[in-house]
Amino acid sequence: MSEYFMYFSHYFNVILLIWDGIKTGLLCCFISLLLLIILKKLVLVKRRYKFLRCLACSYFLLIPLTCLFFGSIYGAVISARDQMVEKLPLYQASIQSIVDSNFDITVELVDDSNQNFTKSLDDIVYDIQTIMVSKLQFTPQDGLAINQLMLDAIASPAAFNYIKSNLKDKISNMSGLDRKLVDEVFTVKLSQLFISDVILKIIVFYVNQIMMIILMPIIVIWGLLIFVAITETAIAYFVNRRRVHIENFVKTI
């Protein structure tokens, strides 16, 4: 996670990120504590063992702290993503300049009749990615962090489906044919196919995927911890209710 932080730190305000994380963490902590207070009678039902009684009491401290910790991380990551997405359009002119300098080339795309359209298109997209990455790798770095981010976004598997979908639409518009029908051989200029708006969308798509990679372990760990507490409380509640029913039944005899 620290690697991603250093990588993306050019695009967001660290102080605002920390503040957003604290706000989200405090909000999650407050909501969890409020729910615990509302459900106090359910949470604090009688347990047979002293350890479980102590564990139930500790929920009023551990669950809010857990929500504070994971909520803060979640809020910080979401803040970083939103700040990046908001700031990326500022680099649009630089992206267009890179596109004009490197992608002003015509590429011949071949649809092999021995393959179905989907397989042919996959090969075409892979070839386009390879060409774009190879061109960007030799682009002089002018100190703008967007250069490396643009290269990584285009080279990433996350961009493959996006480029493929965009290429389908472009083929349809350029050839005047149905999206499933293309000429066996046709040419396309990359600078026309991948203008700055398209590159920006690819970068945003890439950023969202990276943020989800960071968030998923956080959500899973938090969910497991809360699930354990909820499961133990539910078991204790139903066991206690059964015990009360048995005791009431015995009294009526």
Item to check | Any chance residue 113 is outside any helix (DSSP H, G or I), farther than 20 Å from residue 161 by Cα and modelled with pLDDT under 85 | outcome: yes
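Can you go through 85, 99, 77 and tell me which one is assigned to a helix (DSSP H, G or I), in the same structural domain as residue 189 (by TED's automatic domain parsing) and in contact with a helix residue (DSSP H, G or I) (Cβ under 6 Å, 6 or more places away or on another chain)? Spell out the reasoning first.
Working: 85 fails: in the same structural domain as residue 189 (by TED's automatic domain parsing); 77 fails: in the same structural domain as residue 189 (by TED's automatic domain parsing).
Of 85, 99, 77, the one residue that is assigned to a helix (DSSP H, G or I), in the same structural domain as residue 189 (by TED's automatic domain parsing) and in contact with a helix residue (DSSP H, G or I) (Cβ under 6 Å, 6 or more places away or on another chain) is 99.
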Checklist entry - Looking at (1) surrounded by fewer than 13 Cβ atoms within 10 Å (Cβ to Cβ); (2) in contact (Cβ under 8 Å) with a residue 60 or more places away in the chain; (3) not polar (S, T, N, Q), which is the only condition residue 63 fails? => result (1)
Checklist outcome for this item: Selection from segment 156-208 of residues at pLDDT below 70 and either touching a Gly at 6+ places or on another chain (Cβ under 9 Å) or among the hydroxyl-bearing types (Ser, Thr, Tyr) (or both) yields 172, 175, 187
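Can you spot a residue in segment 35-48 that is within 25 Å of residue 213 (Cα to Cα), buried (at least 19 other Cβ atoms within 10 Å of the Cβ) and at pLDDT 90 or above? Talk me through it step by step, then tell me what you get.
Of the residues in segment 35-48, the ones within 25 Å of residue 213 (Cα to Cα) are none.
No: zero hits.
Kindly indicate the residue of segment 28-47 that is part of a helix (DSSP H, G or I) and in contact with a helix residue (DSSP H, G or I) (Cβ under 7 Å, 6 or more places away or on another chain) and also farthest from residue 66 (Cα to Cα) among those meeting that condition. Give the derivation first.
Taking segment 28-47 as the starting set, the residues that turn out to be part of a helix (DSSP H, G or I) are 28-38, 40-43.
Restricting the remaining residues to those that are in contact with a helix residue (DSSP H, G or I) (Cβ under 7 Å, 6 or more places away or on another chain) gives 28-29, 32-33, 36, 42-43.
Details: 28: 9, 29: 8, 32: 9, 33: 11, 36: 13, 42: 20, 43: 17 Å.
Only one residue tops the list, namely 42.
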Item to check | Condition met for residue 131 (closer than 26 Å to residue 209 by Cβ, surrounded by 20 or more Cβ atoms within 10 Å (Cβ to Cβ) and either in the same structural domain as residue 190 (by TED's automatic domain parsing) or at pLDDT below 90 (or both)) | outcome: no
Item to check | Verdict on residue 153 being closer than 30 Å to residue 78 by Cβ, in the same structural domain as residue 69 (by TED's automatic domain parsing) and at pLDDT 75 or above | outcome: no
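The values are calculated or read from the model by the stated rules, or taken from the named source; none is laboratory data. Predicted model only: the values in this text are computed from it and were never measured. All Cβ positions, glycine included, derive from the backbone under ideal geometry; neighbour counts span all protein chains shown.
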